[in-house]
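The values are calculated or read from the model by the stated rules, or taken from the named source; none is laboratory data. Fair warning: this is a prediction, and the values are worked out from it, not measured in the lab. Ideal geometry is used to build each Cβ from the backbone, glycine not excepted, and the neighbour counts take in all protein chains shown. Note: areas computed on protein heavy atoms with side chains; ligands, DNA, RNA excluded. Shrake-Rupley method; radii C 1.70, N 1.55, O 1.52, S 1.80 Å.
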Amino acid sequence: MRLIGGKWTGSIIYHLKDGPVRFNDLNRMLGGASKKMIDQRLKELESRGMVVRQVLSERPLAVTYSLTAFGHSALDLLEQLRVWSEVHEL
């Protein structure tokens, strides 16, 4: 739970499941999370080897985040948690 149990962490992992996402797009997808919170969670996930940060060489410069193989492995766990919470109406 230390790896994926933080606030917004599961949502970030979910939104990165289909491929690289730019920071500002991720911010829009998450809605209620502050940019500071998203940045903190992304840094945590990156330090744990679950997310890769890539600086694009475009103008204006942009940063994308994507899941590593280790990060993708958490998707099954998150899906099981979602199903469990629906079954128990949490």
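Percent relative contact order of the chain, based on C-alpha pairs within less than 8 angstrom and at least six residues apart?
31
With Rg/Rh (Cα atoms, Kirkwood Rh) defined as stated, name the option among (i) 1.04; (ii) 0.93; (iii) 0.99 computed from the structure displayed.
Matching entry in (i) 1.04; (ii) 0.93; (iii) 0.99: (iii).
Only Lys, Arg, Asp and Glu count, each charged at its Cβ (+1, +1, -1, -1), so figure out the dipole size of the chain about its Cα centre, rounded to 20 debye. The partial results should precede the final answer.
Details: 13 positive and 10 negative charges, 90 e Å.
Computed charge dipole of the chain: roughly 440 debye.
Out of the total accessible area of the chain (probe 1.4 Å, heavy atoms of protein only), what percent is carbon and sulfur?
On the chain, the fraction of accessible area on carbon and sulfur atoms equals 53 percent.
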